[in-house]
Structure formats: structure tokens, C-alpha cells
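Step one of this worksheet: look at the structure below.
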Amino acid sequence: MKRLPLFLSLSIAAYATLVPSLSLQQLIDQSELIVHGRVARSWAAWDSAHKYIWTHHQIDVIDALRGTPGASVVASEPGGRVDGINMAASGAVEYGPGEEAIVFLYQTPIGYFRSTGLGQGKFTVAPDGRVHANLKVLELIKRDPASPGVSLS
């Protein structure tokens, strides 16, 4: 009986997406838009090359914290269902209708705004005003500051 909790925790960890841990300053620095808003609607669609499905979420802006998004901004995440075809992306951020959130967004090469650092860039605002991180499918990797790292260029 004692093995079951260990098995369950290993199963959950197996589905986590590994991402570098970002500080608040890094989230700010890497985001073109930061908004406090409410999800108005969501829809899934193919990208312009008809290669990938993206789910788009219209967020009505309550307060623009960085950038000039206008009255609303669309946050897009890979995955969704279109024409009976499902596409899933590990670590993609989920949004719910009517959900209030603070989102840190960067612009992708194809022009979509996406959550910075995957779930690290979305904070849900509860009805009582408390703010909660969205890290349930992420495993954060903390880099050793003494390590110089490796250049990807």
C-alpha cells in the first residue's frame, strides 16, 4: 500500500515539462506585454501554414502593466481541437472562460503572443484577490549561478 503514493508521484512527474526557472525580473524582461485581464472567449484554429493547431484566448484588459495592448489581447498556446483533429502540447498554458489573470506575454516568430516561460507567465487571480502561479505541469530547472552555462548560438 505504501508504494502507491510513490508510483503516483512518479507518474505525475513523468508528464511534467522541464523548463528553466525564471525570476520575476526575467519574466518582466522577456515579456513584451504584461496585462491584468479576464478571459472573454477561446477558440482553436490552424496556423497560417495549416501545420499546427493553436488555441487562442481573448483577454479583455483590466490594466495594462507593460506595453499598449488596447482593450483586449489574444494569448495563443499550441494545441487544441479543429475539424475533429486533436493536437496536444506538453506544458501549454490553459485558460478558462471568465478567468481573471495576470499574464506575461512574448511575441512568437509567427506573430502570436504566448505566455513567457510557459505556465510561469500566467498568474490566476482568485475571487478573493489572491494571486496563484500556474505551474502544475511544469518542472522548473534552477541553474547554478556559478556555472557559466552553454551558448546556444
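Summary table
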{"item": "Selection count where residues are open to solvent by 20 Å² or more (accessible area, probe 1.4 Å), among the β-branched types (Val, Ile, Thr) and at pLDDT 95 or above, scope region 86-124", "result": "1"}
{"item": "Residue that is farthest from residue 49 (Cα to Cα) [pool: residues in region 111-134 that are in a loop (DSSP other than H, G, I, E, B) and among the small types (Gly, Ala, Ser)]", "result": "129"}
{"item": "Hits in region 8-33 - residues which are modelled with pLDDT under 85, in a loop (DSSP other than H, G, I, E, B) and either surrounded by fewer than 11 Cβ atoms within 10 Å (Cβ to Cβ) or more than 14 Å from the chain's Cα centre (by Cα) (or both)", "result": "15"}
{"item": "Residues that are crowded, with 16+ Cβ neighbours inside 10 Å, aliphatic (A, V, I, L, M) and closer than 24 Å to residue 129 by Cβ, drawn from region 41-63", "result": "59, 61"}
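The values are calculated or read from the model by the stated rules, or taken from the named source; none is laboratory data. Since this is a predicted model, take the numbers as computed values, not measurements. Note that we place each Cβ from the backbone using ideal geometry, even for glycine, and neighbour counts take in every protein chain shown. Calculation scope for accessible area: heavy atoms of the full protein, side chains included, ligands and nucleic acids excluded. Shrake-Rupley method; radii C 1.70, N 1.55, O 1.52, S 1.80 Å.
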